[in-house]
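What follows is a set of notes on a single structure, which appears directly below.
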Amino acid sequence: MNYKNFVIKISSERKYLAFLLLIGGESKRFGEDKGLYKIDKNRLIEYQINTLNEFNYDIFLVAHTKAQVREYISSINYEAVTGFIIDESNRFFTEDIRSPMLGLYSSFKELYKHSYQKGFAISCDMPFIQFKVIELLINQSYNYDCCMPIWKNRYLEPLFAIYPIKKGFYSSQENLDSKKYKLTNLIKPDWEVNYISIENTIKKLDKKLLTFININKKEDLEKISLDLNK
């Protein structure tokens, strides 16, 4: 797959949802690209792709540069990947800025062109995402603009959430123009949001809440790597 032809598998048919795997972070504390780190037989991103491939939705990897796309193409089994989307850094910045807001904007802009309705954004540092939790959010996203997990302390999970493509595109563009990078700024007052309780609802499907384990350092993987095979 060539990064220039990332839309080759997209049909003209209007589609409800696509998965957006955000791989463009700096991974400073990890020391190397998290998604390409290999544990057991697979790279971390491949665990996510394998889980998402159980659904009948397109999967996009959202990268920061063309060089990163080339590295992924040469390193992973991308057969299940619909395509790659590259951050439009030059549209907003004169310096190299890494922000999930930019990744979401670039994704929303591209998918808007191809008539997708929703985008399920997932950070690449969440390798333990569970099928039943993903299925729950998708089922709960109908008739809402956005569907997002929420903790009892009101902390949100904006990088494991479903967003409206059209509204998300305009909102992310507005935030980037204003140099506002906090992801919760994406949500506008007029959006209909379905907040799903993590403790009361999601935990019934994911008892150990593996879905929300973030990998920030290699030491994190050493502690929990056995969970990948459970």
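Taken together, the values in this text are just the output of simple stated rules run on the coordinates, not laboratory data. Computed from a prediction, not measured in an experiment: that's the story for all the values here. So basically every Cβ, Gly included, is an ideal-geometry build from the backbone, and we count neighbours across all protein chains shown.
Of the residues Ile23, Ile215, Ile39, the one that moves most in a GNM of the chain with alpha-carbon contacts below 10 Å is Ile39. For the range 29-133, trypsin sites (Lys or Arg not before Pro) meeting the loop criterion (DSSP other than H, G, I, E, B) and having at most 13 other Cβ atoms within 10 Å: Arg29, Lys41.
Averaging 1/r over every pair of different alpha carbons in the chain and inverting the result gives a Kirkwood radius of 17.9 Å.
For the range 110-230, the calculated P(r) over all alpha carbon pairs, in 10 Å bins from 0 to the bin holding the longest distance, is 12, 40, 33, 14, 1 percent. Database remark: amide H of Ile85 closer than 5 angstrom to the amide H of Leu61, Val62, Ala63 (H placed geometrically; neighbours at sequence offset of 5 or more, or on other chains; Pro and chain starts carry no H).
When the Cα positions of Gln68, Leu136, Ile23 are compared along the charge dipole of the chain, Leu136 comes out farthest toward the positive end, with charges on each C-beta of Lys, Arg, Asp and Glu.
What is the dipole size for the range 31-161, taken about its Cα centre, with +1 at each Lys and Arg Cβ and -1 at each Asp and Glu Cβ, in debye to the nearest 20?
Values: 14 positive and 17 negative charges, 39 e Å.
Around 180 debye, computed over the range 31-161.
Hey, what D do you get for the range 96-153 in µm²/s if you plug the Kirkwood alpha-carbon radius into Stokes-Einstein at 4 °C and 1.567 mPa s? Rounded to a whole number, D works out at 96 µm²/s.
One equal scatterer on each Cα of the range 17-131, no solvent, Debye formula: the resulting log10 I(q)/I(0) at q = 0.15, 0.22, 0.23 Å⁻¹ is -0.62, -1.35, -1.46. Computed from backbone phi, the HN-Hα couplings of the range 190-200 come to 8, 6, 8, 10, 9, 8, 9, 5, 6, 6, 8 Hz, rounded to whole numbers (Karplus: 6.51 cos²θ - 1.76 cosθ + 1.60, θ = phi - 60°; Gly and Pro given as x). For the residue pairs Lys34/Lys66; Lys15/Lys207; Lys15/Lys208; Lys38/Lys208; Lys66/Lys113, the C-alpha atoms sit more than 27 angstrom apart in Lys15/Lys207; Lys15/Lys208. Of all DSSP beta bridges confined to the range 102-230, the antiparallel ones make up roughly 60%.
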